[in-house]
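Have a look at the structure below before the remarks.
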There are 2 protein chains.
Amino acid sequence: MKDEFAFISNISPEKTHQSSLLKGIGDDAAVYRGSSQFDEVVCVDTMVEGIHFRKDTLTPLQIGKKGLAVNVSDLAAMGAIPLFYLVSVAVSPSWNEQELREIYAGMEDLAKEYQMDLIGGDTVSTGDALVLTVTVIGRVEQGCARYRHTAQVGDTVFVTGTVGGSAAGLELLLQQGLNGDFTGEEQSLLLAHQEPMPHVVAGRLLANYSARISLNDISDGLASEANELAEASGVQLMIESDKIPFHPAIAQIPHQKQLEYALFGGEDFALIGTVPSEQSDSLAKMFSEKGLFFKEIGSVLEGPVGVFLKDEHQQRKLEKQGYNHFQKRG
Amino acid sequence: MKDEFAFISNISPEKTHQSSLLKGIGDDAAVYRGSSQFDEVVCVDTMVEGIHFRKDTLTPLQIGKKGLAVNVSDLAAMGAIPLFYLVSVAVSPSWNEQELREIYAGMEDLAKEYQMDLIGGDTVSTGDALVLTVTVIGRVEQGCARYRHTAQVGDTVFVTGTVGGSAAGLELLLQQGLNGDFTGEEQSLLLAHQEPMPHVVAGRLLANYSARISLNDISDGLASEANELAEASGVQLMIESDKIPFHPAIAQIPHQKQLEYALFGGEDFALIGTVPSEQSDSLAKMFSEKGLFFKEIGSVLEGPVGVFLKDEHQQRKLEKQGYNHFQKRG
């Protein structure tokens with residue numbers, strides 16, 4: 001299928017990430033063939049040193065990988081096929097050429113997984129923090145893009161992966177830095193933060209599944225993303241506390257801490273969505289047959305718009321609290 | 001024609017540049033319909049405070065306008081129709097919300113000219129300089145995109161606008177700041193730097209003109225951009241010094257200074273291209289009929305790859321010297 005989407009540009013990807021590296025050149029346009037069978041999907045996301053990462057939480061390779069992954073995760077949440085990416089880096093003097101090459105190499109690592117081509121970009125200087133902006137372009141069969149606004153009362157709420165791992169990993173990194181002495185379990189949490197994988201295959205399955213499905217990725221924590229779904233659809237989501245699939249490496253920590261990581265952490269990159277409850281089982285079966293994770297965590301109810309968390313004793317409203325990378329979480 | 005390119009996104013442009021302003025939210029994807037009749041053209045460009053602009057050279061409105069214009073100029077150089085744009089801003093504490101709104105308003109001003117839609121973006125914080133990254137998406141009839149690599153010996157070299165005005169304007173701004181006491185002529189130079197207009201209409205004419213045409217925009221000065229054409233095509237460009245159309249407001253300054261502005265300044269946003277010499281007259285006529293500027297400035301010759309500047313006494317090689325906004329030019 002990829003071959004249909006021929007890249008025709010007048011610049012070579014090499015040019016962008018080698019010759020123009022550190023030189024401030026690269027204001028080129030890239031050209032690729034259009035297709036009436038598909039809708040185009042595009043998104044852009046920026047990671048800033050000191051805000052989204054630090055040198056003691058991600059290696060340059062991981063910065064690149066994650067910079068692209070954040071965007072590919074947005075494509076996955078629409079059900080799109082990732083195709084191309086463009087990279088703009090504003091580089092400060094505290095970064096050397098080798099580190100910058102590694103950032104690009106990290107993006108290339110992830111791009112290979114999806115046969116994505118680097119088709120353009122820009123490299124400029126800045127005084128202070130490194131700013132990495134990635135634009136990704138993908139496609140989805142016409143009319144098959146998945147949105148947040150299509151959830152309805154009676155739907156089942158599901159996620160396509162475990163949650164809480166990334167925030168737990170970040171906490172370890174902030175305590176001990178990149179070169180801490182970590183157990184195997186802890187290392188799996190570190191990787192959940194440093195090298196999260198977007199759920200592209202799950203997104204593609206959901207785009208092509210013949211049911212009304214609403215979808216979002218969990219990049220800012222379950223509470224925030226569930227609220228986006230609820231607000232966009234004008235419904236209430238009830239999440240059952242004991243159904244949330246926590247990352248296995250945080251299985252033994254206190255439940256309150258698990259919840260904090262999963263609800264108000266972020267960057268787990270799993271997808272959260274809703275499907276009419278009568279079709280949830282067959283969707284779960286399809287995921288299982290493909291060896292993919294699928295877990296029901298709640299349902300869509302009538303009532304005031306918002307998200308509620310229910311356990312055996314009580315239920316409480318989950319606010320749309322975002323992900324503060326390097327600030328204390330409440 | 002625009003109506004064919006329906007924008008289908010799940011986010012509203014308002015959301016991106018109002019609610020999410022200064023909040024660090026906005027990692028959404030946008031969706032628009034594909035078309036097999038067209039090639040897609042995409043480019044990204046970044047402007048950094050202190051490198052590409054300063055608060056004493058551009059107003060916030062002009063920063064926005066120019067941030068989009070730089071990119072639209074890249075589309076123009078491919079012959080593309082501008083359609084969509086996405087904006088990522090990393091904002092430092094020295095910028096307030098009102099200024100940020102004006103940056104977006106400046107982009108919107110220019111976008112209106114071309115009926116472009118803002119379809120996504122990201123707003124994040126940074127510690128130091130403001131970093132504005134704009135991604136633009138356009139389309140050109142299948143196979144009609146113009147490139148740099150198609151110039152051939154025997155071609156005529158042309159430009160679609162006057163040059164040198166932007167660099168002269170920048171010099172005035174660096175001497176006197178935004179609130180200097182400027183003559184009418186000087187103000188026209190300031191505007192050439194602050195609010196350059198991309199040559200979209202010229203690019204569209206050139207894309208649809210039935211001749212082999214190579215094309216580039218003059219964003220980094222005539223010397224640099226002519227060299228890009230020469231290198232990409234593997235030819236030699238001979239530019240005649242007395243044919244270069246200088247901005248009228250620098251008509252009276254010494255020739256050496258005119259040349260310095262035009263050759264090694266930048267951001268004039270005119271297009272430079274080549275066309276087989278036997279078709280140059282009819283192309284010039286077509287431009288004239290449309291009320292558009294067109295000027296032959298030289299020819300493509302056999303010989304070593306590069307760009308040469310010829311006057312009545314001598315010829316000299318023009319190196320690919322870039323545009324250093326706030327550094328002394330040699």
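Read-outs throughout are calculated quantities, based only on the coordinates presented, and are distinct from any laboratory measurement. Note that the structure is a prediction, hence the values are computed from the model and not measured. Cβ placement follows ideal geometry from the backbone for every residue including glycine, while neighbour counts extend to all protein chains displayed.
Would you kindly derive the ³J(HN,Hα) couplings of segment B:87-93 from the backbone phi angles with the Karplus curve 6.51 cos²θ - 1.76 cosθ + 1.60 (θ = phi - 60°), listing them in order in whole Hz, with x for Gly and Pro?
Those phi angles translate into 10, 10, 10, 9, 9, 9, x Hz.
Hey, for B:Ser282 with labels 7 Å out along Cα-Cβ, what do the inter-copy distances come to in nm, ordered shortest first?
Result, one decimal in nm: 6.2.
Could you state the principal axis extents of the C-alpha atoms in segment A:143-205, from the largest down, to the nearest angstrom?
48, 22, 17
If the only charges are +1 at each Lys and Arg Cβ and -1 at each Asp and Glu Cβ, what is the size of the charge dipole of segment B:155-317 around the Cα centre, to the nearest 20 debye?
Taking the Cα centre of segment B:155-317 as origin, the dipole is about 300 debye.
Taking each residue in A:168-181, count the Cβ atoms of any other chain within 10 Å of its Cβ, then average. What number comes out?
Taking the mean over all residues of the peptide, I get 0.
Whole number please: convex hull volume per residue of the Cα set in segment A:105-254, in Å³?
Convex hull volume per residue, Cα atoms: 175 Å³.
Calculate the length of the line joining the C-alpha centroid of segment A:140-195 to that of segment B:158-191, in whole Å.
Cα centroid to Cα centroid, the span is 51 Å.
Give the nm distances, rounded to one decimal, from B:Leu301 to the matching residue in every other copy, measuring between label points 7 Å along Cα toward the beta carbon; shortest first.
Distances between equivalent label points, in nm: 8.3.
Pull up all non-local amide H partners of A:Tyr147: gap of 5 or more, or a different chain, and H-to-H distance under 5 Å with H placed in the peptide plane.
A:Leu215
Can you list the residues, at least 5 places off or on another chain, whose amide H is less than 5 Å from the amide H of B:Gln236, using H built in the peptide plane?
Those qualifying (amide H under 5 Å, at least 5 residues apart or on another chain) are B:Leu301, B:Gly306.
Run a plain Debye calculation on the protein assembly as shown (Cα atoms as equal point scatterers, no solvent) and give log10 I(q)/I(0) at q = 0.09 Å⁻¹, rounded to two decimals, same order as the q list.
The calculated log intensity ratios at q = 0.09 Å⁻¹ are -0.74.
Roughly what % antiparallel, to the nearest 5, for the DSSP beta bridges in segment B:155-317?
If we restrict to bridges inside segment B:155-317, about 75 percent are antiparallel.
For segment A:285-324 and segment B:241-299, what is the separation of their Cα centres, given in Å?
Cα centroid to Cα centroid, the span is 63 Å.
Every other copy gets compared here: list the nm distances from the B:Gly184 label point (7 Å along Cα to Cβ) to its counterparts, shortest first, one decimal.
In nanometres, ordered from closest: 8.2.
Using only the Cα atoms of segment B:205-330, what semi-axes does the equivalent ellipsoid have when each is the square root of 5 times a gyration tensor eigenvalue? Give whole Å, largest first.
Output for segment B:205-330: semi-axes of 23, 18, 15 Å.
For A:Leu318, which sequence-distant residues (separation of 5 or more, or a different chain) have an amide H within less than 5 Å of its own amide H, given hydrogens modelled in the peptide plane?
A:Val307, A:Phe308, A:Leu309
When you look at the Cβ of every residue in B:78-87, what mean number of other chain Cβ atoms sits within 10 Å?
2
State the residue of chain A whose Cβ is nearest the axis carrying A onto B, and the distance in whole angstrom.
A:Asp128, 1
Students often check this: by mean Cβ neighbours within 10 Å, which of A:41-50, A:71-80, B:248-257 ranks highest, and how do the rest follow?
A:71-80, A:41-50, B:248-257
Go through B:Leu132, B:Val153, B:Tyr114 and say which Cα lies farthest out towards the positive end of the charge dipole of segment B:108-183; charges sit on Cβ, +1 for Lys and Arg, -1 for Asp and Glu.
B:Val153
Treating the beta-carbon of each Lys and Arg as +1 and of each Asp and Glu as -1, no other charges, what is the dipole magnitude of chain B about its Cα centre, to the nearest 20 debye?
Approximately 200 debye in magnitude.
Need the list of aspartates and glutamates near A:Lys55 for cross-linking: C-alpha distance under 17 angstrom, and skip anything on the same chain fewer than eight residues off.
Partners within reach: A:Glu97, A:Glu99, A:Glu102, A:Asp128, A:Glu171, A:Glu195.
Would you list B:Leu190, B:Leu309 from fewest to most Cβ contacts within 10 Å?
B:Leu309, B:Leu190
Count the DSSP beta bridges whose two residues both fall in chain A, then state the antiparallel fraction as a percent rounded to the nearest 5.
The answer is about 70 percent antiparallel.
Do you know the Lys pair count in segment A:155-318 for C-alpha distances under 30 Å, with sequence separation 8 or more or different chains?
Value for segment A:155-318: 13.
Where both residues lie in the protein assembly as shown, what percent of DSSP beta bridges are antiparallel, nearest 5?
Antiparallel bridges: around 75 percent, rounded to the nearest 5.
For the protein assembly as shown, what does the helix formula give at 222 nm: sum of -39500 (n - 2.57) over DSSP H segments with n ≥ 4, over the residue count, nearest 500 deg cm²/dmol?
Helices in the protein assembly as shown give a 222 nm mean residue ellipticity of -10000 deg cm²/dmol.
Once phi is turned into ³J(HN,Hα) by the Karplus curve 6.51 cos²θ - 1.76 cosθ + 1.60 with θ = phi - 60°, what whole-Hz value does each residue of segment A:305-320 show in order, with x for glycine and proline?
For segment A:305-320, the Karplus curve yields 4, x, 10, 10, 10, 10, 10, 5, 9, 7, 9, 9, 7, 9, 7, 7 Hz.
Given Cα positions, please report Rg to Rh for chain A, the hydrodynamic radius being the Kirkwood one.
Ratio of gyration radius to Kirkwood radius: 0.98.
Each residue of segment A:48-56 in order: what ³J(HN,Hα) in whole Hz does its phi give by Karplus 6.51 cos²θ - 1.76 cosθ + 1.60, θ = phi - 60°, with x for Gly and Pro?
10, 4, x, 10, 9, 7, 9, 5, 9
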